[in-house]
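Taking it in order: structure first as structure tokens, then the write-up.
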Amino acid sequence: MSNFTHWNEEGRPKMVDISEKTSTNRTAIARSTITLSDEVYQAIQQGGIKKGDPTQVAQIAGIMGAKKTADIIPMCHPIMLQGTDFQFDYTKAEVGYELHIQATVKCSGKTGVEMEALTAVSIAALTFYDMCKAVDKSMVIKDTYLVEKTGGKSGTFVHK
């Protein structure tokens, strides 16, 4: 278990000590996709979702999720985020549509914001589903992943 940083000498979980690390500017971009039917897409375009605009509510929920990541992922450090933003992009699929949700999270700190970005897009996708499920429950959340991260000792990562 010595290769795992989140285990102590007794083999029990621990939060990694970052007290000696240097603060750097850090950015993480994550993406998630949700498939939706033509019916859901048309309802959104025509303002027919009774709960309101699902992308606006999903964005707010995603920002809240990024800020609360340390409360729900046990080994994450609480981080003072300095920015969280979203992009939503609908594309026509073979059947229905796909909504691509992307979050960019930034901070200056001693640990990265990858989990905050991944949590942000996950919560946004779940909220979008909740907003639209009255129209069609067959939506599928898929392909949630880290697109890119910068900063810190390990440097830049770009998903291939």
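The values are calculated or read from the model by the stated rules, or taken from the named source; none is laboratory data. It should be emphasised that the depicted structure is a prediction, and the values quoted were computed from it without experimental measurement. Here Cβ is always computed from backbone atoms with ideal geometry, including for glycine, and neighbour counts include all displayed protein chains. We work out accessible area using only protein heavy atoms, side chains counted, and drop any ligands, DNA or RNA first. Shrake-Rupley method; radii C 1.70, N 1.55, O 1.52, S 1.80 Å.
Roughly how tilted is helix 114-132, in degrees to the nearest 10 and between 0 and 90, from the longest Cα axis of the chain?
Helix 114-132 sits roughly 20 degrees off the main axis of the chain.
Taking 0.36 nm per intervening residue step and subtracting the Cα-Cα distance, what contour gain separates Lys50 from Lys92 on full extension?
Values: separation 42, 0.36 × 42 = 15.12 nm, distance 2.33 nm.
So the chain would gain 12.8 nm between Lys50 and Lys92.
Each label point is 7 Å from the Cα along the Cα-to-Cβ direction; what then is the distance between the points at Met64 and Tyr145, in nm?
Here the modelled spin labels are 3.0 nm apart.
Using a 1.4 Å probe over the heavy atoms of the protein chains, calculate the carbon and sulfur portion of the accessible area of the chain as a whole percent. Walk me through the numbers on the way to the answer.
Numbers: 5080 of 9570 Å².
With neighbouring chains kept in place, the figure for the chain is 53 percent.
Calculate, for the stretch 1-131, the solvent-accessible area per residue in square angstrom, rolling a 1.4 angstrom probe over the heavy atoms of the protein chains. Please report the intermediate quantities before stating the final value.
Values: 7570 Å² over 131 residues.
With the other protein chains kept in place, the stretch 1-131 gives 58 Å² per residue.
Take the chain, connect every pair of alpha-carbon atoms lying under 10 Å apart with a spring to form a Gaussian network, then pick out the residue of Gly109, Gly96, Gly65 with the largest mean-square fluctuation.
Of Gly109, Gly96, Gly65, the most mobile in the Gaussian network model is Gly96.
Can you give me the solvent accessible area of Phe86 with a 1.4 Å probe, rounded to the nearest 10 Å²?
The value for Phe86 is about 20 Å².
Between [x] 16.3; [y] 15.9; [z] 16.9, which matches Kirkwood radius over Cα pairs in Å calculated for the structure shown?
[z]
Let's test the formula: R0 of 35 Å, r as the Cβ-Cβ distance of Ile72 and Ala134. What FRET efficiency results, to the nearest 0.05?
So, using R0 = 35 Å, E works out to roughly 0.85.
As I understand it, the dipole of the chain uses +1 on the Cβ of Lys and Arg and -1 on the Cβ of Asp and Glu, about the Cα centre. Which of Val95, Pro74, Gln46 lies farthest toward its positive end?
Pro74
Compute the length gained on full extension between Thr156 and Glu39: take 0.36 nm times their separation in residues and subtract their Cα-Cα distance, giving the result in nm to one decimal.
So the extension gain works out to 38.1 nm.
For n ≥ 4 DSSP H runs only, could you compute -39500 (n - 2.57) per run for the chain, divide by its residues and tell me the 222 nm figure to the nearest 500? Display every interim value, and only then the final one.
Details: 4 runs with 45 residues, N = 160.
Mean residue ellipticity at 222 nm (helix-derived): -8500 deg cm²/dmol.
Say the cut-off is 31 Å between C-alpha atoms; which of Lys68/Lys142; Lys106/Lys137; Lys50/Lys142; Lys51/Lys142; Lys14/Lys68; Lys51/Lys149 go over it?
Details: Lys68/Lys142 22 Å; Lys106/Lys137 33 Å; Lys50/Lys142 25 Å; Lys51/Lys142 23 Å; Lys14/Lys68 19 Å; Lys51/Lys149 34 Å.
Flagged as over cut-off: Lys106/Lys137; Lys51/Lys149.
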